Structure formats: C-alpha cells, structure tokens
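Inspection log for the structure reproduced underneath, given as structure tokens.
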Amino acid sequence: MSQAFQDLKIFDRDDFPKYLPKLNALYDDLFSAGKGFRSKLIQTIGKHLNLSDRHTRLLAQTIEFIHNASLLHDDLIDRSPLRRSKTAAWLKYSPEYAVLAGDYLLARVMVNLSRNGNLRLIQYTAEIISDLLEGEWIQDSLIDDWRVQLNQLDQVHDLKTASLFKWCLKAPFIAQENYDENLHQTLEEMGTLLGLLFQRGDDLLDFDIRNDEGKAILGDLKAGYLNSFGAFISRDFTVEKKDQLKHCQTLDEVKQMVGPENFISLVAEFDEMNQQAIDLYLHHAKSLEPMLKPSERGLIADLIQLPTLLYFRK
Amino acid sequence: MSSPFVTLTPDDPDFRPYLLGNFSDDLRALPVDSFSQNSSRERVTFRLVPIQEIKKPTWWKIYFKACRPELLGLTLGPFFATVLLLQKGLRASIQHPVALIAAVLGLFFLHVCAFLLNDFRDHMRGVDFANRKRGSQVIQKGWASAREVRMWAFVNAGLALACGLPALIVTPSLLAVVSIAAICVLGLSWISSRLARFGLSDIMVFVGLGPLLTAAASLVAIGKVPSQVLLLGTAFGASAVLTLQIRQLENLFRAGRDSFRTFIGAFDFDRARLLVLSQIIFVSTLQIAMAFEVFHRWVAVFGFVLALLPLYFVYASVKNAASPLSSDLLRIGRRAIWAQTALLVWWGAALWI
C-alpha cells in the first residue's frame, strides 16, 4: 500500500466541540495509535479513481470513525482492558463515556456524509453500520459457545469484519457515482473474502502464528470465545477434549493437547483452505478489468496484494 | 490450467453446459459464487476441478445419499402406519396385496425422484451452493453432474409410475388423490415466494404428507378411507410440517437475509422460535389425542409420552438458542427427524401390538 497517503489526518480536534474536552481527549487516545489500514485502502482506491481530496478525506474519515466507534463499543462488550497496548477507553474514562463517544462518532459520520449529499452513499453507509451492529450482537451470543463451527463464525465475520472491507471497496465508486451493478457485486464479494481472510489471519495471531504484531496470546480463548482457528482445530474434538481446550491457559497446553506436530499440520491445512479463498479473490480482482476505465485499471494490481497482506500479514 | 475459476453469464453459450456438467469429459465445474441469481444479470463463478481428483464414493452410496434416506420416514412412515391401522386396529383385510407392495415401491421411487429433482432445481437456481446445509450436496461436491442427477430423477419417476400402475388399475379413485398430491408437489416448487412465506407451502406439506398420504394408502389397501385414517394423517401431517419448520430454523439466519421461500423465514428469530415451540406443544398434544382416539386406552397414551422425549430435547434446544447462529441449533433438523422417527416407531409398535 502506498506510503504517500499515510499522513492524511483522520481526526482533528477542530472537528469536535471544544466544550467537550474529555471527548476530545478520549478521541486523541483512540486515534493516535491505530494503523489506519482501512483509510489507507480508501486512499489507494481514491488515487486510482482520481477522487478529489475532499471526497477521499470524507471517505477515509468515515471508515475510521465507524471502525473506531465499533472498537469503543467492542472493548466495553468484551470487557477488554487494553486497546492498542493502552488502557481501553471504557476503563480510562468510563463505560458511559465510551458508549457516548462511539455513538457520537457514528452520528458524525451521518452528519459529514449528509453534508456531502450523496444519498446512495448515506444509505449504503447506514446499511454497513447495521450489519456491523448485527454482527456484534450475534457474536456476543457465541461467547462460551464451545460447539461453534467455522461456518457459523464466517457468517458473523461477514457482518462484523467484512462489512467495513466491502464499504472500503465500494464507497469510492459510489462517491464517484459509478453504480455499475456487476462492478459492485464483484467488489462486494471481494470485500466478503477480504473480511474473512483478515479475520482468520487475526484469529491465527491468538495462537501466536505469524504474530509479528505481538498480539496477546489466547486472548479469545481465555475470554470464552472460540475463534475461527480454534473452531477449526477442535472440529473433531469430543466434548471432554473441548472442555480441556476451554481450560488451556498457555499455548503449550493447546499444542500438547492437539499434538505439537499435528498443530503444525493443522496450521498448514488452515492455510491451504484459506489459499482457496485467496485464489477466488484474485479471480474476482482480475475480472474487474472490463468494468474499469483504462485509467483506473492500475487499481487491480494494488487490490491483488491485499489478501496476502491481510491473511499472511506480509 | 491458468486459473481454476471461470465466471459466466446466462448469455454465454457455455453457461448451461457448465451448470449441467456436460461441458467437458475431464473437468467438473463446481459453482462457488453467484451474483444476481435468476435475473438477466446473473453471473456464476465455477471452480474447475479435474474429475479424477474428486474423491467420490461408489455410485450406490451416492444414490443412497441423494435419495435422502433420513426423510423416508416422512413419506413411507404414514403409509406403513395406515396399513397397520387398517389391519391391526380396524381388522380390515387387504384386498390387493401385490398392488399394495408395488405402491410402496412406487412411493419410494417417487420420494427419490422428488428429492433428486429438488437437488437439480436448487442447483440450477444457485440455492444449494450458497447454503451448504441444503439438499444432498452430491452436485456441489462434484460426485454427480446436474445432468446425471436429472437423469436419475427421470428414471425414478418412470419406476414410480410403473410401480404405481397396478394400484391405479385396481383402485381408479386413487387417481384423484394422486392428482391432488401432484398439485401439492408441483405447487411447492412453483408457488410465489410471497405465498410460500404466508404458509401455503406448509399447508401443502401438511396435506401431502398427512391426510392425503394416509388416504391413498387406505384406498390401495381396502378401497375406502375410514375416518381414523384421516385422523392418523392429520397427526402425521402436523408432525411433518413441524419437522420441516424445525429444519428451517437451521437456515433462519440466511433465510432472513436472503429472503428464502419459507414460512419461518418470514419471521424474526424470536417469533420463529416461539412459533416452533408452540407447534411442538400443539403437535405433542395432537399426537396424544390421536393416540387416545385410535386406541381408547390410557396405557397406550402413557407409553406415547416416551416417544415424545426426543421432541422434548428438540424443544429444549430451540428454547435455549440465543441467536439464529447458536450452536443449540446445530443439526436441529436431524434431531427433529429422529423425533419424527421415534413417533413413527411408536405408532408402528402400538398398532402392531
């Protein structure tokens, strides 16, 4: 992803009321540590579509606001003490402030988009926020559900994770008032696959696989949530074995349970399964060519890099 | 092969051969993605797999899976129960045993034909690959091409007709019942989504797998339809509708989002759950009432409570499910079929004794 766009300022204190200093302080903390991957994706697509700076900033800000609002709510729902290695907002400020700050971001999204005036974009954004919340709601019902299967989780992740990727891919075209149905369906499917791959790659970090980011190990499992890789390795477990997995406190215990060599082969099998999703994504990415203007086709080369980046974290 | 995927539109001359599976002798096209299903803008993405690489069981195992043996109780069960009721309960003598046996075989082939055609139709509509819990999945797994499945369906239809002919000859009035059954079966496939979501499909299932089926069995066996047979059919019909609705609960999440043609799909999760729970209570009460009506003995009714235990476990799972994706609903359809089978076994055993 191009380095040239990394300086785009998503959060500006001037965008928020000065008479709410605590809210601004909370946002300062929240926005200062994020990677801003989604906004960079918007900028990359915007560059190829020759989107104006104003539109690019609006879209980048929109996706980061939605994403960060979901993090504020998510941390409170999960009672996560840390976010991006810092004290989570609900702990540092208060649960009430965390909820209000998340709600305020979502409200700002609608204010900003409605000023822009593109009704299709407003409608699509509202749909995506609904999907995100539905995903959160359903995911909460899967806590302490140790029989959960990969296909159930995929459906939750399609709502919770993939919805934002779909938005990133489609919103720049909507902003440009390009509503080509074939194009949007292909982008929708690509967004679904990206969300799936990102989430599965993220779930592998929990088992310390390709965990260069240094994410906390077994965080999901200890919180009572069997993530996609957990569901994959335990798909043939007996009730007793699942109960054992539930009580694992270290990764070594998990590996001993599965068998260290078997653990490695399970990772390889999981990768192979996801490689098929990557191949399908690449097929769809290449099929975009006739749907794009000649000047926009450089986008395909950038899009092709995404699944490896998101799943293998390369 | 440069890419294992290919995306086609209905305008493409290869589109139908790819769906049917007769585009190549060496490759099978497994649909993996579909856009704008059943519209002029439809596009389907296929994954091309060399036939040699597909690990498929022997043909009879594929046939066995495709004929949906787990659902045979819904079709053959009421038929057998009716014959037992007539013979053991009402002391009637079977007029044409050969025609009756042939009719049972015919019903079996009709069952197989209906599910094969359903698999074929859902594959062509892009339904079964969007939801891997639907159908037998023999086409989606590449075990058989859609064309082969359609051919098997026609063969089974022919066998059903051949086996059903003796019964039609000895009991011409059966033709009326078969015609209504045919309308129900065809109606299930062709009624509009709106009517299906209003419950017309459930009514057709009730009639077709309930009173109509037991009436047909009675006509073939003794040439007339006593009222007890219709009561028995009512109990089985209600039970069949319940089984199908519980199976639909497994797909409720998708049904809600993709507007599937189901009655249950018209409701939100909590209401659908409430509906199913109420129906479990209704069907259990109905079955107990029917049992009393047929046997006139409380001893039989008490024994019947045991047969309702599997249904109770289904009730508990549905009640505990926190969301349409809850693991409490995993394999709930299969468990509902077990509950239906337990009821059938009880009816069979009680009538036999």
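The values are calculated or read from the model by the stated rules, or taken from the named source; none is laboratory data. Quantities reported herein were computed from a predicted structural model and do not represent experimental measurements. Reconstructed Cβ throughout: ideal geometry from the backbone, glycine too, with neighbour counts over all protein chains shown. Calculation scope for accessible area: heavy atoms of the full protein, side chains included, ligands and nucleic acids excluded. Shrake-Rupley method; radii C 1.70, N 1.55, O 1.52, S 1.80 Å.
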I need the full set of residues from region B:81-107 which are within 15 Å of B:Ile353 (Cβ to Cβ), assigned to a helix (DSSP H, G or I) and open to solvent by 50 Å² or more (accessible area, probe 1.4 Å), in order please. B:Gln87, B:Lys88
Considering each of B:Ser173, B:Ser179, B:Ser136, B:Ser193 in turn, give the residue that is surrounded by 21 or more Cβ atoms within 10 Å (Cβ to Cβ) and polar (S, T, N, Q). B:Ser136
Does region A:49-57 contain any residue that is at positive phi and at pLDDT 90 or above? yes
Per-region count, region A:77-100, residues within 20 Å of A:Lys35 (Cβ to Cβ) and open to solvent by less than 50 Å² (accessible area, probe 1.4 Å): 3
Looking at (1) touching a helix residue (DSSP H, G or I) at 6+ places or on another chain (Cβ under 9 Å); (2) away from chain A (no Cβ under 14 Å), which is the one condition that is false for B:Leu274? (1)
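If I ask for residues that are of a type outside the set (A, V, I, L, M) and open to solvent by less than 10 Å² (accessible area, probe 1.4 Å), which ones from region A:65-74 would you list? Full working, then the answer.
Going residue by residue through region A:65-74, those that are of a type outside the set (A, V, I, L, M) are A:65, A:67-68, A:70, A:73-74.
Scanning region A:65-74 gives A:Phe65, A:Asn68.
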Quick check on region A:129-138: of everything there that is under 14 Å from A:Phe165 (Cβ atoms) and within 14 Å of another protein chain (Cβ to nearest Cβ), which residue is surrounded by the most Cβ atoms within 10 Å (Cβ to Cβ)? A:Gly135
Do the conditions hold for A:Ile278, that is, is it within 13 Å of chain B (Cβ to nearest Cβ) and aliphatic (A, V, I, L, M)? yes
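Could you check region A:150-229 for helices (runs of 4 or more DSSP H) lying wholly inside it with 2 or more residues that are in contact (Cβ under 8 Å) with a residue 60 or more places away in the chain and surrounded by fewer than 22 Cβ atoms within 10 Å (Cβ to Cβ)? Please lay out each step first, then the result.
Numbers: elements: A:150-160, A:162-175, A:181-205, A:219-222.
The helices (runs of 4 or more DSSP H) meeting that bar are A:150-160, A:181-205.
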Of (1) without any contact (Cβ under 8 Å) to a residue 40 or more places away in the chain; (2) more than 30 Å from A:Glu188 (Cβ to Cβ); (3) not basic (Lys, Arg), B:Val112 fails just (1)
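When the residues of region B:301-339 are filtered to those that are among the aliphatic types (A, V, I, L, M) and either within 14 Å of another protein chain (Cβ to nearest Cβ) or outside any helix (DSSP H, G or I) (or both), which remaining residue is surrounded by the most Cβ atoms within 10 Å (Cβ to Cβ)?
Step one: of region B:301-339, the residues among the aliphatic types (A, V, I, L, M) are B:301, B:305-309, B:311, B:314, B:316, B:318, B:321-322, B:325, B:329-330, B:332, B:336-337, B:339.
Adding the requirement that they be either within 14 Å of another protein chain (Cβ to nearest Cβ) or outside any helix (DSSP H, G or I) (or both) leaves B:308, B:321-322, B:325, B:329-330, B:332.
Numbers: B:Leu308: 19, B:Ala321: 21, B:Ala322: 17, B:Leu325: 23, B:Leu329: 25, B:Leu330: 20, B:Ile332: 20.
That would be B:Leu329.
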Taking the condition of being open to solvent by 10 Å² or more (accessible area, probe 1.4 Å) and either within 8 Å of chain B (Cβ to nearest Cβ) or among the hydrophobic types (A, V, I, L, M, F, W, C) (or both), how many residues in region A:139-149 meet it? 6
Filter region A:242-259 down to residues that are open to solvent by less than 70 Å² (accessible area, probe 1.4 Å) and either away from chain B (no Cβ under 14 Å) or within 25 Å of B:Phe46 (Cα to Cα) (or both), then give me how many there are. 10
Residues that are away from every other protein chain (no Cβ under 14 Å), within 17 Å of B:Arg121 (Cα to Cα), open to solvent by less than 50 Å² (accessible area, probe 1.4 Å) and hydroxyl-bearing (Ser, Thr, Tyr): does region B:25-47 have at least one? no
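Suppose we filter B:Gly164, B:Gly142 for residues that are on the phi > 0 side of the Ramachandran plot and over 19 Å from the mean Cα position of the chain (by Cα); which single one remains? Spell out how you get there, then give the answer.
On the way: B:Gly164 fails: on the phi > 0 side of the Ramachandran plot.
Sole residue among the options that is on the phi > 0 side of the Ramachandran plot and over 19 Å from the mean Cα position of the chain (by Cα): B:Gly142.
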Given (1) free of Cβ contacts under 8 Å to residues at least 60 places away in the same chain; (2) within 27 Å of A:Leu142 (Cβ to Cβ); (3) of a type in the set (Lys, Arg), number of the condition A:Arg38 does not satisfy: (1)
